[in-house]
Amino acid sequence: MTVLFEEATPLTSDIAWLRQILSWCQDDQPDATPPLDSIAAGLHKAGEVEIETLCETLLANLVPGPAQAKRLRSLLQIMASRFVTRQSRENRLSDESNPAIAIEALTQLYLRWLPVDPTCAALTLQCLAAQSDEEAIAATAELISQHPLADWQLVGLGLSPLWKCDGQLLAFFFERLDSQVFHPSTLSVLLDLANHGMRSSRLEHHPWSTQCDQLAALLKQVVIRLEKLQRDPSQFGHDVKQVQQVLNDAVALTISLCDTLGQIGHAASIPALHEALELAHRRIQCEAAASLAGMNDPRGLQRLVELALDPVARVRAVNYAEELGVADQIDQQYRSPLALAESDLAGWLARPEQFGLPPTRIESIETRTLYWPGYEEPRDCYLFRFEYELPQGSTCNIGIAGPVTLAFATNLNHFPLEDVYAAFAGWQLEHEEIYELPIRQLAGQQSRWVELMIDSMREAGYEEIAPVMLTFLLGEPALLTQASQGSSRGIAIAQESDISFFPANSQPDSMTPAVALSIFRGRKLLQAFNGSL
C-alpha cells in the first residue's frame, strides 16, 4: 500500500477522514463499501489546508485505474458541490481573504486523468471553475484552450459554474481564453456561455463579435456535413452509436453558431442561416429562424410562425417569438398553456434518450390544479395520452407536463387518473427523509420489523413473498416486496395498517418496483396536500 501521508504534511485538524478517503480510493476491490456519508461530512467541514492536502495527496498517490476512476468521480462530485455551494454564497471576485484552493494540484489532476477517464477530468475542471477566483478561472481557461475535453457534454459539465459567476469574472474568463480556439468539442459550449452572458446582461460585449466571418464560414461547413449525414449516415460510420455521436456534435455546434450569429446580428451570415433553415432538424430550424427574424429577415419570421404549429418545436418557437416581440404573429391557440404543455411533453418524448422521435398522436386527457411536492403554490397539471405507430407495432401511454414533464415505460392506461398523478408525483420526490434501504443492509429492529410485516402479509393471503427493500417516507416505514396474491404476481408494499398490491407480468410495459413505490408515495403526499383528489 502506498504511503498516504508524509509525516511532515501540515494538517490543522483530525486527518482520519482523509485517510479513509484515500484508502477507499486506492482499494482495488470493486465492491469496496463507499464511505460517502462520512466523506461528504468531512469535506463540507474541511478547511482550506485539508482540501489542499487532499488534492495534493491524490495527485501524489492515486494511480489511475478503472476502480480508482469510479471512486474519484464520486469524490470529485462531492468536492465540486462544496465549491459550487460556496460560490453561490459568496461573491468570490471581491473576496481577497479566500483565495482559490489547490490550483496547481487540480490542474495536474486534470492533465493526468484526461486521457484515462475524461469524466474525472471534467469534474476536476468543475472544481476549478466553481472557485470563482481569478487565478482559478485563468487556469480553467488555459486548460480548456490547450488541453480540451473531446466530448462537448463533458466540457459543459466542467464549465457549468461559469453560467452563474459574476459578469466581471465571466468577461475575465473570455479575455484569458485563447481567441483562436476552434476545438469542435469546446466551441459550442463556449458560444452558449457567451450567448447566455449577453442574454443575462452580464457581458457588455459579445466575446466572439470580432470573429463573425469565421463563425459564418464554419456554419456553412457544418451545414454541409449535416446535409451529407441526412442523405447517407453510413458515410460517417457503420456503428449506430458512432453516427449518433457525429450527429449530436454537429447539431450542438450548428445550434450554437446560429444563436451566436443572431445575437451579434451579423448580416453577412444570412445566406448561411438560410442554408441551416433547410435542414430537417427542428431545433436547428428554430435557431436559424429566430436568428434570421432578429435580423428582420422575412423567411425567418415566417418559419418561426410555422414551427409553432409543430408540437415538438412549439415551446421554443413561441419563446423566441416573445423574445423578439413578434409573438402576436402566432395564433393564440398555439400559445395557450395547454398547447405549450403538450409541446413540453412531445419534445421530451422526442429526445434521443427517450423515444427519439415525436409521437404519432398526442391528445389532452385532463388538466387539474394541484398542490404538488416541491412547490408552495398550486400547479396546473396536464395529462396527455400519446401514441406511437412503429414497425414493430403501436404503443400508447400517458404522460404529464406542468410541475414535471415525464412518462414511464410502465403502461398507465388502466390506472385511475388519481394513481397516474400519484406515480409522477412520487417519482420526483427528493427529501432527506425519503429513502430506501436494501434488505441485506438491515439489522436489529429493522430486520425484526420486516419479519413481522412478512407474517402480516402471509396472514392476509400473500404468498411467495420476496422482500426487496425497506422504504421510508418522512419517517414512515413500508416494506416493498415481490409477491403473489391468488393467481396474480406483482409488487406488494406493506405497512402496519394496509397492503398495496400492483399486478405485474413479463411484458416490457409491466409494473416495476420503482413505479409501484412512486404510486404508493405519491398517493400519500397528494392526499396530504390536496385532500381527496
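The values are calculated or read from the model by the stated rules, or taken from the named source; none is laboratory data. The model shown is predicted, which means the values in this text are computed figures rather than measured ones. All Cβ positions, glycine included, derive from the backbone under ideal geometry; neighbour counts span all protein chains shown. Areas reflect the complete protein model, heavy atoms only, side chains present, ligands, DNA and RNA absent. Shrake-Rupley method; radii C 1.70, N 1.55, O 1.52, S 1.80 Å.
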Practice task
Could you check, for the stretch 161-184, whether at least one of its residues is over 26 Å from A100 (Cα atoms) and either assigned to a helix (DSSP H, G or I) or modelled with pLDDT of 95 or more (or both)?
Solution key: yes
Fill in the blank from the handout: Of the residues in the stretch 450-479 that are in contact with a Leu (Cβ under 9 Å, 6 or more places away or on another chain) and part of a helix (DSSP H, G or I), the one that is nearest to E436 (Cα to Cα) is V450
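Considering every residue within the stretch 116-130, establish whether at least one is touching a Leu at 6+ places or on another chain (Cβ under 7 Å), over 21 Å from S256 (Cα atoms) and outside any helix (DSSP H, G or I). Spell out how you get there, then give the answer.
Taking the stretch 116-130 as the starting set, the residues that turn out to be touching a Leu at 6+ places or on another chain (Cβ under 7 Å) are 118-129.
Restricting the remaining residues to those that are over 21 Å from S256 (Cα atoms) gives 118-121, 123-129.
Going one step further and asking which of them are outside any helix (DSSP H, G or I), we end up with none.
Checked the stretch 116-130: no residue is touching a Leu at 6+ places or on another chain (Cβ under 7 Å), over 21 Å from S256 (Cα atoms) and outside any helix (DSSP H, G or I).
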Handout entry: One residue from S201, S269 being buried (at least 17 other Cβ atoms within 10 Å of the Cβ) and either among the hydroxyl-bearing types (S, T, Y) or assigned to a helix (DSSP H, G or I) (or both)
Key = S269
Handout entry: Residue in the stretch 327-357 that is modelled with the lowest pLDDT, counting only those that are open to solvent by less than 40 Å² (accessible area, probe 1.4 Å), touching a helix residue (DSSP H, G or I) at 6+ places or on another chain (Cβ under 6 Å) and not in a helix (DSSP H, G or I)
Key = A350
Exercise for the section: Output the residue which, of all residues in the stretch 143-160 that are open to solvent by less than 70 Å² (accessible area, probe 1.4 Å) and either of a type in the set (S, T, Y) or part of a loop (DSSP other than H, G, I, E, B) (or both), is farthest from E104 (Cα to Cα). Expected result: D151
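Of all the residues that make up the stretch 493-533, how many are of a type outside the set (A, V, I, L, M, F, W, C) and part of a loop (DSSP other than H, G, I, E, B)? Break it down into steps so the answer makes sense when it comes.
From the stretch 493-533, those of a type outside the set (A, V, I, L, M, F, W, C) are 495-498, 500, 503, 505-510, 512-513, 518, 521-524, 527, 530-532; that's our starting set.
With the extra rule that they be part of a loop (DSSP other than H, G, I, E, B), the set shrinks to 495-498, 505-510, 512, 531-532.
So the answer is 13.
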Completion exercise
For the stretch 297-326, the count of residues that are farther than 24 Å from E275 by Cα and either under 25 Å from the mean Cα position of the chain (by Cα) or open to solvent by less than 30 Å² (accessible area, probe 1.4 Å) (or both) equals 0
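Can you tell me which residue is least open to solvent (accessible area, probe 1.4 Å) among those in the stretch 241-264 that are of a type in the set (V, I, T) and within 23 Å of the chain's Cα centre (by Cα)? Let's see the steps before the verdict.
We begin by selecting, within the stretch 241-264, every residue of a type in the set (V, I, T); these are 243, 246, 251, 254-255, 260, 264.
Now restrict to residues that are within 23 Å of the chain's Cα centre (by Cα): 243, 246, 251, 254-255.
Values: V243: 24, V246: 29, V251: 16, T254: 0, I255: 20 Å².
For the stretch 241-264, the residue satisfying everything is T254.
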